[in-house]
There are 4 protein chains.
Amino acid sequence: MPDLQNVIELIYHDIIKHKNYGEVASYIPELAAVDSEKLGVCLTTVDGQVFHVGDWQDRFSIQSIVKVLLLSLAYNKLGGQLWQRVGVEPSGTAFNSLGTLENDEGIPRNPFSNAGAIVISDILIDLYEDPRQAMIDMIRSVSGDPSIYFDTKVAASEKAEGFRNVALANFIKSLGNINNGVDDVLNLYFDCCSIAVNCEQLAKVFLFFANNGQTPDMNNVLLNPSQTKRMNAIMLTCGFYDEAGDFAYKVGLPGKSGVGGGIVAVLPKHFSIAVWSPRLNEKGNSYRGLKFLEKFTTETKLSIF
Amino acid sequence: MPDLQNVIELIYHDIIKHKNYGEVASYIPELAAVDSEKLGVCLTTVDGQVFHVGDWQDRFSIQSIVKVLLLSLAYNKLGGQLWQRVGVEPSGTAFNSLGTLENDEGIPRNPFSNAGAIVISDILIDLYEDPRQAMIDMIRSVSGDPSIYFDTKVAASEKAEGFRNVALANFIKSLGNINNGVDDVLNLYFDCCSIAVNCEQLAKVFLFFANNGQTPDMNNVLLNPSQTKRMNAIMLTCGFYDEAGDFAYKVGLPGKSGVGGGIVAVLPKHFSIAVWSPRLNEKGNSYRGLKFLEKFTTETKLSIF
Amino acid sequence: MPDLQNVIELIYHDIIKHKNYGEVASYIPELAAVDSEKLGVCLTTVDGQVFHVGDWQDRFSIQSIVKVLLLSLAYNKLGGQLWQRVGVEPSGTAFNSLGTLENDEGIPRNPFSNAGAIVISDILIDLYEDPRQAMIDMIRSVSGDPSIYFDTKVAASEKAEGFRNVALANFIKSLGNINNGVDDVLNLYFDCCSIAVNCEQLAKVFLFFANNGQTPDMNNVLLNPSQTKRMNAIMLTCGFYDEAGDFAYKVGLPGKSGVGGGIVAVLPKHFSIAVWSPRLNEKGNSYRGLKFLEKFTTETKLSIF
Amino acid sequence: MPDLQNVIELIYHDIIKHKNYGEVASYIPELAAVDSEKLGVCLTTVDGQVFHVGDWQDRFSIQSIVKVLLLSLAYNKLGGQLWQRVGVEPSGTAFNSLGTLENDEGIPRNPFSNAGAIVISDILIDLYEDPRQAMIDMIRSVSGDPSIYFDTKVAASEKAEGFRNVALANFIKSLGNINNGVDDVLNLYFDCCSIAVNCEQLAKVFLFFANNGQTPDMNNVLLNPSQTKRMNAIMLTCGFYDEAGDFAYKVGLPGKSGVGGGIVAVLPKHFSIAVWSPRLNEKGNSYRGLKFLEKFTTETKLSIF
């Protein structure tokens, strides 16, 4: 492996000296208020090394990245049965589209669309006594960091303004693919999206995807190796909405983005990397986050392809 | 690595003793006439080993698998400029859909849909004096097998019955994304789809995708390493139409299928594998071919994830 | 004019001796409980005649027919400005589709889709201090029958089960075309859909559409002649969801149907006719109601074409 | 009736003194070359009166208006059987859309979309020995004007440039709803669209739709009264593509437009009116033609509603 600390520093300095593009998510005030020029990076390896640069200690909203963790919680308990409720195909449409649901009888194309994550939230309510607590416990345990928290202001804003997600949930309910009350499902979903993390915490949370489903210290076994491989495949094909193909093409790693500006990616058997920069391109993915990862895998040749 | 000859033989014998499902492609008589129970496999490694089992010497029609080679020929000459004419996103729709073209102004979502391959064929007519010859020369040279040929009966049937593809090509032409005559473009496309190969030839043709873009003997450099990585990424996200996510999930290798019943897949740095069995599932991919590859990567743990 | 009492009796007896088809709406228990074999008819003319046959005195749920009255209330006050919020084009899709809203930025294609009626309900909240009361006052006054009432059990069931309409309203809200609270808008909409009428009341309520916008006794002026003409045009092109063309073709009158099994139609300058029979065809329109009206206009040649 | 000659002159002079909007059709040179400021009008009544103003003697290309005549020729011979091959519902989409065909298995939504007219052309080839001749014979006979002709230059241009229509025809063929060769079908269609008429000829050709299906001189019986009523209904709901609702709303007459700038409309029992002005609005309908008809029916109150 190349000297990773050196590589990420070089790329970091190269990127911050070029113009930044895109818009910070502004549909709720809590996201709009963030400093748009931040850029943080943290890489953690399965053999225990940690590299970081820039604003890696700043907290940001995990947002859609949590969909991968919601899915892991459900997949761990339900196994393959899960796929009766949600598909694994890229949708070719935007993250909040209602388009294909009608034809597919309420089965979302994949678990990383909003529709898919809402169905997973419904499943978690059936599987866990307190799914909200189960999520935060899992994140804290896997990262080894008990300070990770739900940002209740963010969650409250999402609940007040999330008309599109309320529409999605009711639409799916009308098609028969939600069991619980729509409000309960959405509360869980919005709470989980509100979780505040920094780059180091995020990288550590995702390291088990690079390590056959368990944390390197062996204390947490979240998925078996076959399930882990499958989760990585879904991240690759569906992790970036209608930019998934482009991310695979340019970066070549399984990963997931959120409108908080975070992106996390994984090289199986080797490492996880979290990048954060708030300005989003028109597809809703972090502009500098994508740039960073593209340069990183191009330079290091560390990709799955 | 495990004993691959042993592995493929065990899986082969396991599969042929189970019931076969699906339908042989029947839209032209030449494809319909094939023996539906055939199953052939060949795996070739970058360090020169070859393993095979079953009907690996039987010829079959390459069909859509050739789209990867059409794209390679164009990408090699045009580089990134190519992406002004065709996208790299999974479409979430069937292989011959016209659905998204209208919204996207004639830019096919990806080069492995029929629409995309037709646009690539148009590009090749502009790039090569004799693109038909360039294609067969490339295939013969890369595989080291000058006996590979165009099956003119298959090509003639496709031309006589290919109304959907004629529709696609005229539609794209009307939207401004085809330069040459529609007949010339389609003739090239149908000719290339008609190429007859066996499993060994097909595996050998695709080995350069596992070897940074060149044949292991170094005699053919088709793509540079970065281009090769990107081709593999496109195969993974777009190689199986609206079953691409499922293939990534179950098999976890970049690959491409054809209605002739062939599937080829690649593990970068290691090997290429060609499987052939004529019965197709409802998505148009070989039923036993998929089964074989799923068992193979599950057993050997040889996947990119 | 032919002897209308005789005509409707003959058609009535002809229809009830043939097999009845279709299903009674069953999404709420109140609609499901109705006697599926009922058939009532009432025709009222602008010169004061009334003809009826069958179960014309039975009450049924007005349902979507009220959309025409909602629109009239809004059009009367707002005039052409209204069309900035909703279109007048047939949608070519089912009554509860979300499909085209996304492309049209929350502007429903026409006021007789559920989406359109929900937007009209939102407009009425802005226009009237008590729009619920305004609606029932108008209906009672126009029909001269103060006994018409909201069926609160029906309304309560719709509110409890109307996930699809909650989805629609929230979706439109997310696209910016609803001003008021989603719950307020839907409560008004569901209340109005719950109004119970019999055939005579319904025919009388709609007579002003045949009489240049006013009741024949001149006591109620609801629309001016030009507005009335336009309302009739919208009923013709959009009154029967994706069966509007078929209704124009077979019946040839402006009209509107509801899932309660009612259909009302109008011959400008001459009459209004209300038909009720609970079994619905697969498009959601009364099977026997359509049959009756087709026979009626064919026999009498009383159509706009 | 009001003094119609006076009315059309007043409206004519009012319109030509206001700014003209829209673009002349330019996809073939023959249409692009026309004088964009022309405006002609002719109204013919079932009792033999003729009124005209402006450029009513200038010839223009009938284009899509001929679809109504194609349908009449087929309907006359096949009757209701016809509707197994094409629907009667407004499509809610543009005239040349492929969108809904795929879901509807090659059955066009209505006979006045390009897809629908192509299917009707295919039917005519099966019904008539020489359908091209049958069409021109019918037009000449009904109008009493043997000078009406096919404009072979227009037809040749359409054939050379009509990629979208070639796409449509091949797509429908692939879905099984075209029997004859695609070229034969399109040649007939393009020939019929090329017919050159002036306003007086066009109004006279359509007068039988206002006269129960026969010419006022009783020499031509083209449709029976019931069929005529149904043709008028289809014109009303489907005659103006995705502006059909708007035309019904503003004008309130059955009618049909063409990209040559012509519009013809009918008041059953009374008259036919042809208007021609080449500039088209964004929906492909004559800007001044629509304006004229809207003013005409508003002023005279002569509409079906």
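A compact table of results
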read-out: Conditions (1) under 25 Å from residue A:59 (Cα atoms); (2) touching a Leu at 6+ places or on another chain (Cβ under 8 Å); number of the one not met by residue A:302; value: (1)
read-out: So residue D:177, is it surrounded by fewer than 24 Cβ atoms within 10 Å (Cβ to Cβ), more than 21 Å from residue D:284 (Cα to Cα) and within 14 Å of chain B (Cβ to nearest Cβ); value: yes
read-out: Residue among B:266, B:221 that alone is farther than 19 Å from residue A:246 by Cβ and free of Cβ contacts under 8 Å to residues at least 12 places away in the same chain; value: B:221
read-out: Which numbered condition residue D:46 misses (of (1) within 22 Å of residue D:261 (Cα to Cα); (2) at pLDDT 95 or above); value: (1)
read-out: Conditions (1) within 19 Å of residue A:40 (Cα to Cα); (2) surrounded by fewer than 21 Cβ atoms within 10 Å (Cβ to Cβ); (3) among the polar types (S, T, N, Q): number failed by residue A:227; value: (1)
read-out: Complete set of residues in the stretch A:208-224 that are at positive phi and either surrounded by 18 or more Cβ atoms within 10 Å (Cβ to Cβ) or touching a Ser or Thr at 6+ places or on another chain (Cβ under 8 Å) (or both); value: A:212, A:213
read-out: Output for the stretch A:39-54, where each listed residue is more than 21 Å from residue A:268 (Cβ to Cβ) and either within 19 Å of the chain's Cα centre (by Cα) or among the hydrophobic types (A, V, I, L, M, F, W, C) (or both); value: A:39, A:40, A:53
read-out: Matching residues, the stretch B:166-204, being within 17 Å of residue B:57 (Cα to Cα) and of a type outside the set (D, E, K, R); value: B:195, B:196, B:197, B:198, B:199, B:201, B:202, B:203
read-out: The stretch A:272-304 - residue that is β-branched (Val, Ile, Thr) and assigned to a helix (DSSP H, G or I) and, of those, surrounded by the most Cβ atoms within 10 Å (Cβ to Cβ); value: A:297
read-out: Candidates B:132, B:109, B:140 - the one that is at pLDDT below 95 and either of a type outside the set (Ser, Thr, Tyr) or outside any helix (DSSP H, G or I) (or both); value: B:109
read-out: Out of C:119, C:166, C:66, C:154, sole residue that is touching a Pro at 6+ places or on another chain (Cβ under 8 Å), in a helix (DSSP H, G or I) and at pLDDT 95 or above; value: C:119
read-out: Test: residue in the stretch A:131-141 that is surrounded by fewer than 22 Cβ atoms within 10 Å (Cβ to Cβ), within 14 Å of another protein chain (Cβ to nearest Cβ) and of a type in the set (A, V, I, L, M); value: no
read-out: The lone exception for residue D:208 - which of (1) facing another protein chain (nearest Cβ under 10 Å); (2) in contact (Cβ under 8 Å) with a residue 12 or more places away in the chain; (3) part of a helix (DSSP H, G or I) it fails; value: (1)
read-out: Subset of the stretch D:162-181 [of a type in the set (Val, Ile, Thr) and within 17 Å of residue D:27 (Cβ to Cβ)]; value: D:166
read-out: Selection count, the stretch A:233-254, where residues are closer than 17 Å to residue A:287 by Cα and facing another protein chain (nearest Cβ under 7 Å); value: 7
read-out: Per-region count, the stretch A:258-290, residues within 14 Å of chain B (Cβ to nearest Cβ) and among the basic types (Lys, Arg); value: 2
read-out: Residue B:150 under 26 Å from residue B:32 (Cα atoms) and free of Cβ contacts under 8 Å to residues at least 24 places away in the same chain; value: no
read-out: Qualifying residues in the stretch C:103-113 (those that are touching a residue at least 12 places away in the same chain (Cβ under 8 Å) and surrounded by fewer than 24 Cβ atoms within 10 Å (Cβ to Cβ)) - the one nearest to the chain's Cα centre (by Cα); value: C:107
read-out: Residue within the stretch A:179-188 that is over 22 Å from residue C:175 (Cβ atoms), in contact (Cβ under 8 Å) with a residue 40 or more places away in the chain and in a loop (DSSP other than H, G, I, E, B) present; value: yes
read-out: Any hit, the stretch D:213-231, residues being assigned to a helix (DSSP H, G or I) and either in contact with a strand residue (DSSP E or B) (Cβ under 6 Å, 6 or more places away or on another chain) or more than 23 Å from residue C:304 (Cβ to Cβ) (or both); value: no
read-out: Residue within the stretch B:3-21 that is among the charged types (D, E, K, R), more than 30 Å from residue B:270 (Cα to Cα) and in contact with a strand residue (DSSP E or B) (Cβ under 7 Å, 6 or more places away or on another chain) present; value: no
read-out: Only listed residue being surrounded by fewer than 19 Cβ atoms within 10 Å (Cβ to Cβ), assigned to a helix (DSSP H, G or I) and not hydrophobic (A, V, I, L, M, F, W, C), chosen from A:126, A:145; value: A:126
read-out: Residues of the stretch A:164-173 satisfying the condition of being of a type outside the set (D, E, K, R) and either touching a residue at least 60 places away in the same chain (Cβ under 8 Å) or touching a Gly at 6+ places or on another chain (Cβ under 8 Å) (or both); value: A:165, A:167, A:168, A:171, A:172
read-out: Residue list for the stretch B:35-73, filter: more than 28 Å from residue B:131 (Cα to Cα) and either surrounded by fewer than 18 Cβ atoms within 10 Å (Cβ to Cβ) or of a type in the set (D, E, K, R) (or both); value: B:35, B:36, B:37, B:38, B:47, B:48, B:49, B:50, B:55
read-out: Matching residues in the stretch D:281-292 - criterion: being over 12 Å from residue D:39 (Cβ atoms) and in contact with a strand residue (DSSP E or B) (Cβ under 6 Å, 6 or more places away or on another chain); value: D:285
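The values are calculated or read from the model by the stated rules, or taken from the named source; none is laboratory data. Just so you know, these numbers come straight off a predicted model, no measurement behind them. Because the Cβ atoms are built from the backbone with ideal geometry, glycine has one as well, and the counts that use them run over all protein chains shown.
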